[in-house]
Amino acid sequence: MNLFEAGDILEFAIRIEENGENFYRYAVQIIKGEDTKKMFARLADEEGRHRKTFEELYAGLEKKDIPESYDGEYRAYLHDYVDNSIAFSRAALDRILLKVTDTLSAIDFAMRREMDSILYYSEIKQFVPAAQHPMIDKIIEEERRHFSILSEIRKKIGVKKSD
């Protein structure tokens with residue numbers, strides 16, 4: 001039995017990207033150095049583009065009618081699930097943001113959350129029909145690309161620190 005459809009996974013991805021964009025916008029406010037601020041702003045913009053990509057994929061899916069007690073109940077459930085159980089959760093952000101006080105801690109946090117997203121999407125793939133795996137693979141590839149960008153930024157900052 002499939003617990004989730006690709007649409008559910010895309011809903012998760014949309015919410016994760018929204019939360020990620022919020023984090024990157026926050027990070028721009030706390031980090032020093034104009035070049036690094038610009039990189040974080042670019043990452044926030046990329047999260048927004050990722051979200052739009054996932055929204056477009058979602059819009060192209062055939063939707064199943066899910067019985068609801070009220071209009072929007074299932075979507076509200078998915079948002080709550082993502083916000084409280086998945087990468088970039090609100091509670092995790094609140095706790096961890098207290099420790100994110102500089103550029104390196106912001107990058108390290110973001111890299112962990114991107115990796116969590118990659119692992120989540122890789123694992124959840126088993127719960128969707130095989131015909132929908134390419135859609136999930138596209139999400140995973142987007143997250144890997146974002147992780148690579150963060151890794152490159154961290155390398156550059158690390159080189160500057162050791163100089």
**Q.** Close pairs (8 angstrom Cβ cut-off, 6 or more residues apart or separate chains): touching a residue at least 60 places away in the same chain (Cβ under 8 Å) and at positive phi in the stretch 25-37, buried (at least 16 other Cβ atoms within 10 Å of the Cβ) and assigned to a helix (DSSP H, G or I) anywhere
**A.** Gly33/Thr103
Q) Considering only residues of the stretch 27-63 that are within 12 Å of the chain's Cα centre (by Cα) and of a type in the set (Gly, Ala, Ser), which is nearest to Gln132 (Cα to Cα)? A) Gly48
(Q) Considering only residues that are surrounded by fewer than 18 Cβ atoms within 10 Å (Cβ to Cβ) and either touching a residue at least 24 places away in the same chain (Cβ under 8 Å) or under 13 Å from Ile9 (Cα atoms) (or both), which ones fall in the stretch 127-139? (A) Phe127, Pro129, His133, Pro134, Asp137, Lys138
Q: Kindly list, by first and then second residue, each pair from a residue in the stretch 99-126 that is at negative phi to a residue that is among the hydroxyl-bearing types (Ser, Thr, Tyr) and assigned to a helix (DSSP H, G or I), limited to pairs with Cβ atoms under 6 Å and residues at least 6 apart or on different chains.
A: Thr103/Thr36
Q: Identify all residues within the stretch 97-119 that are out of contact with any Lys or Arg (no Cβ under 7 Å at 6 or more places or on another chain), assigned to a helix (DSSP H, G or I) and either over 15 Å from Gly20 (Cα atoms) or modelled with pLDDT under 80 (or both); write none if there are none.
A: Leu97, Leu104, Leu119
Q. Somewhere in the stretch 49-58, is a residue within 30 Å of Thr101 (Cβ to Cβ) and crowded, with 21+ Cβ neighbours inside 10 Å?
A. yes
Q: Look at Val82 and say whether it is at pLDDT below 85, of a type in the set (A, V, I, L, M) and within 14 Å of the chain's Cα centre (by Cα).
A: yes
Q) In the stretch 120-153, how many residues are part of a helix (DSSP H, G or I) and farther than 30 Å from Asp35 by Cβ? A) 17
Q.
Checking Pro67 against (1) under 18 Å from Ile107 (Cβ atoms); (2) modelled with pLDDT of 70 or more; (3) outside any helix (DSSP H, G or I), only one condition comes out false. Which one?
A. (1)
Q.
Taking the criterion of being at pLDDT below 85, part of a helix (DSSP H, G or I), more than 22 Å from Glu123 (Cβ to Cβ) and charged (D, E, K, R), would at least one residue in the stretch 19-42 satisfy it?
A. yes
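The values are calculated or read from the model by the stated rules, or taken from the named source; none is laboratory data. All of these numbers come straight from a predicted model, not from anything done at the bench. Cβ coordinates were reconstructed from backbone atoms using ideal geometry, including for glycine residues, and neighbour counts include every protein chain displayed.
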